[in-house]
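Novice: I have a structure I would like to understand better, so I am pasting it below and will then ask my questions one at a time.
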Amino acid sequence: MALASSLSPEDKLRILQAEVNALIEEPFNIDICIAQAYALLHLYDNTKTDDRQDAVVFGTELIISQRYRQVMIDGKPLKLTRKEFDLFHCFADDPGQVFSCEQLYCRVWNEKITLRSDRTVKSHIKTLLKKLASVGKFYIDNVWGIGYKFVLQPKQQ
């Protein structure tokens, strides 16, 4: 935001072209100030909505960016394959939800269940768990006889 007093129209134009979001001139016109404030709030709300759709964030400890397909744990990237990332994002996007192998296969692979789908999911989860354990994090719990779930408070093993 820039405060302008006795600026020429050319100077105002240069300021706005420099990507200033608002320009308030003296003497202040309260209606214009309010209108610009609402415009800025609208701009902020639209940006905020896009960010929420892009990332799953749990404080500063865990950030999962769908846009960049990146997982950051304690500020460090965790290298995952495409399917490992998709599985982890699926879990974290719905924390606490228990997923069966069949549900995970349908969501992540986007295919009909086959005879090997259960083995495929378990194999990918196993490697994902190893990678998480290598950084001392245990975000995925096995729910005996049902499937797996993401836990916000990872247990320490």
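The values are calculated or read from the model by the stated rules, or taken from the named source; none is laboratory data. This is a predicted model, so every value here is computed, not measured. Quick reminder, even Gly has a Cβ in these numbers, built from the backbone with ideal geometry, and neighbours come from all protein chains shown. Keep in mind that these areas ignore ligands, DNA and RNA; they rest on the heavy atoms of the full protein, side chains included. Shrake-Rupley method; radii C 1.70, N 1.55, O 1.52, S 1.80 Å.
Novice: So if each residue of separation counts as 0.36 nm, and I subtract the Cα-Cα distance between Leu152 and Phe138, what length gain in nm does that give?
Specialist: 4.1 nm
Novice: Cys33 versus Asp94, label points 7 Å from Cα toward the beta carbon: distance in nm?
Specialist: With each label placed 7 Å out from Cα toward Cβ, I get 4.9 nm.
Novice: Also, quick follow-up: Measure off, as a whole percent, the carbon and sulfur share of the 1.4 Å-probe accessible area of segment 98-145, all protein chains present.
Specialist: 53 percent
Novice: Also, quick follow-up: Roughly speaking, what is the stretch gain from Leu43 to Thr114, that is 0.36 nm per residue apart minus the C-alpha to C-alpha distance, in nm to one decimal?
Specialist: 20.9 nm
Novice: Taking 0.36 nm per intervening residue step and subtracting the Cα-Cα distance, what contour gain separates Cys106 from Leu13 on full extension?
Specialist: Net length gain for the segment: 28.1 nm.
Novice: Which of the lysines could a cross-linker bridge to Lys149, judged by Cα under 30 Å and excluding same-chain residues fewer than eight apart?
Specialist: Qualifying lysines at Cα under 30 Å: Lys48, Lys76, Lys79, Lys83, Lys112, Lys122, Lys126, Lys130, Lys131, Lys137.
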